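The values are calculated or read from the model by the stated rules, or taken from the named source; none is laboratory data. Quantities reported herein were computed from a predicted structural model and do not represent experimental measurements. Using ideal geometry, Cβ is built from the backbone for each residue, glycine included, and neighbour counts are taken over all protein chains shown.
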Amino acid sequence: MKKILALLLIPIAVALAFIVMLNDRQNYVDESKVSYAFTNVHVIPMTEDGLIKENQTVIITEGRISEIVDANKIKFGPNTPVIDGTGKYLIPGLAEMHGHVPPTHPPANFPAYFNEDYVESTLFLYVSAGITTVRGMLGYDHQLELKEKVASGEYIGPNLYLAGPSFNGNSVSSLDQAREKVRQQVDEGWDLLKIHPGLTLEEYNAMADEANKLGIRFGGHVPQAVGINRAIEAGQETMDHIDGYVSYLQAFEGVELESKMDEIIQKTKEYGVWIVPTQALWETIIGAADYETMQNYDELKYIPQAVRDNYNGFVANNIEGNPNLNYEEAEEHAVLRQRLLGAMSDAGVRILMGTDAPQLFSVPGFSIHRELPFMKAAGMSNYEILHSGTKAVGDYFANEDDFGTIEVGKRADLILMDSNPLESLDAIRNHSGVMVSGEWLSRKMIDEKLAEIEAMYN
Ligand SMILES: [Zn+2]
């Protein structure tokens, strides 16, 4: 009986050996197709909370993630460009969803620092910090060409999605003009429309109607005459700065405030609206920030002196020299904003990472480290915060490209971090390099280029 069993086991063993062999063979990759291989790295795919795939090899082919396998199941020859990820963490690149990119052809009345160097350094600062996607929130003539210049490698920079020139009280003065401006920006190929304050309700409605008809998205501020309720109903896709919510809610107090807040958050969720909070910037604007600390931010050395002068001028005129500024009110306002963000996150409202760089003390790329602590203080978890800059961004841009997570087929936008960002967001600062659309920027290269930018502006 034992003998028969043993005989039966032989063909099974042979079959198993054959299967193992076949599997093993599949795990040799065609080296000629590998642009880069991150070896033996812990992958945080950002597809579900807490998921870490340990000791993986991630292969990049032609700007895309082409394979993710257990590190011990894959072998390379000496010619594969390998990035050793041992003990490190690979996460998707982050996004600045309310960023600004300087004009390539600055208007005549713009200061002299708006030159080629400024465009180049701004784009580089974003990627140096791991920002691989920027939604530019104010378009200028000819700016769309920047998308191609980055894509072709003329500039090192993030993937750009650009809003056109702004819709505001000065740029729009009739209903026909509002509609015409929408048609023009669709024709020119902008990715979205930027809404600023100043539109009348009728102008806004005309803009929204035309935009919805032509299928172009719009976002930004909520004009006072429109109000948050109407903006949501009209299909405004992103509410940036959440100031539209605050001006609506400030009219209420006590239990009424609570119920109105609940109501508007539910409505926001129901309509699938996205929020770009920009808490750090708003605290700066309303007079509730620690200005002395901000004026000494180390990263200010990477921007032109003229921009720093603008920041300092803002503090001197709008804060220190502003007799109408009530610090107590500003503080209350800041607390309400944080409560609102926390409640939105708890309710499952879709939140996107954004800082409005380089608006005020928000140096491109570095500014996320000023914003993230606000998101954390509002009650968001590290995963939720990272999600707002990765998976959520991919979801928002699902009609444009496939990115925001580490999965096969996604655009290869990655950050190689020296420690686990789910444990501490400080990990984002300590990276060993950034990959943008499959191009690898090592830490060494990034540091050299940052030193050049510092030297240029000091
Ligand atoms: Zn802005």
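Residues of the range 204-236 that are within 14 Å of V273 (Cβ to Cβ) and within 16 Å of the ligand (Cβ to nearest atom): F218, G219, G220, H221, V222, Q236. Residues of the range 209-218 that are within 15 Å of E180 (Cα to Cα) and either modelled with pLDDT under 95 or surrounded by fewer than 24 Cβ atoms within 10 Å (Cβ to Cβ) (or both): D209, E210, N212, K213, L214, G215, I216. Can you find a residue in the range 443-458 that is crowded, with 22+ Cβ neighbours inside 10 Å and either in contact with a strand residue (DSSP E or B) (Cβ under 6 Å, 6 or more places away or on another chain) or assigned to a strand (DSSP E or B) (or both)? Checked against the condition, which is being crowded, with 22+ Cβ neighbours inside 10 Å and either in contact with a strand residue (DSSP E or B) (Cβ under 6 Å, 6 or more places away or on another chain) or assigned to a strand (DSSP E or B) (or both), the range 443-458 yields no hits at all.
Conditions tested, residue by residue: (1) assigned by TED's automatic domain parsing to the domain that holds N458; (2) over 23 Å from the mean Cα position of the chain (by Cα); (3) within 22 Å of G354 (Cβ to Cβ).
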| site | (1), (2), (3) |
| --- | --- |
| Q279 | no, no, yes |
| E283 | no, no, yes |
| A288 | no, yes, yes |
| E299 | no, no, yes |
| P304 | no, yes, no |
| V315 | no, yes, no |
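Candidates L414, L352, L386, L340: the one that is modelled with pLDDT of 95 or more, touching a Leu at 6+ places or on another chain (Cβ under 6 Å) and buried (at least 21 other Cβ atoms within 10 Å of the Cβ) is L414. Out of the range 156-192, which residues are in a loop (DSSP other than H, G, I, E, B), surrounded by 19 or more Cβ atoms within 10 Å (Cβ to Cβ) and hydroxyl-bearing (S, T, Y)? S166, the sole residue that qualifies.
Is it fair to say L352 is of a type outside the set (F, W, Y) and more than 19 Å from L425 (Cβ to Cβ)? Against the criterion (of a type outside the set (F, W, Y) and more than 19 Å from L425 (Cβ to Cβ)), L352 does not qualify. Counting only helices (runs of 4 or more DSSP H) that fall entirely inside the range 196-315 and contain at least 1 residues that are β-branched (V, I, T), the qualifying elements are 227-233, 243-249, 254-270, 279-286, 291-295, 305-314. Filtered by the rule that a residue be touching a His at 6+ places or on another chain (Cβ under 9 Å) and not acidic (D, E), the range 136-169 gives G136, M137, L138, Y140, H142, Q143, S166, F167, N168, G169. Do you know which residues across the range 53-86 are in a loop (DSSP other than H, G, I, E, B), in contact (Cβ under 8 Å) with a residue 40 or more places away in the chain and of a type outside the set (A, V, I, L, M, F, W, C)? The answer is E62, G63, G77, N79, T80, P81, G85, T86. What about A95, is it part of a helix (DSSP H, G or I), touching a helix residue (DSSP H, G or I) at 6+ places or on another chain (Cβ under 6 Å) and modelled with pLDDT of 95 or more? Judged against the criteria, A95 is not a match. Residues in the range 89-113 that are over 24 Å from A392 (Cβ atoms) and either within 16 Å of the ligand (Cβ to nearest atom) or in contact with a Ser or Thr (Cβ under 8 Å, 6 or more places away or on another chain) (or both): P102, P103. Among the candidates H241, H221, which residue alone is buried (at least 21 other Cβ atoms within 10 Å of the Cβ), outside the structural domain of I286 (by TED's automatic domain parsing) and under 28 Å from the mean Cα position of the chain (by Cα)? The match here is H221. Within the range 147-164, count every residue that is at pLDDT below 95 and closer than 29 Å to V222 by Cβ. Residues flagged as at pLDDT below 95 and closer than 29 Å to V222 by Cβ within the range 147-164 amount to 1.
One residue stands out in the range 119-143 among those that are surrounded by fewer than 22 Cβ atoms within 10 Å (Cβ to Cβ) and either of a type in the set (S, T, N, Q) or away from the ligand (no atom under 16 Å from the Cβ) (or both): the one that is nearest to N420 (Cα to Cα), namely E120.
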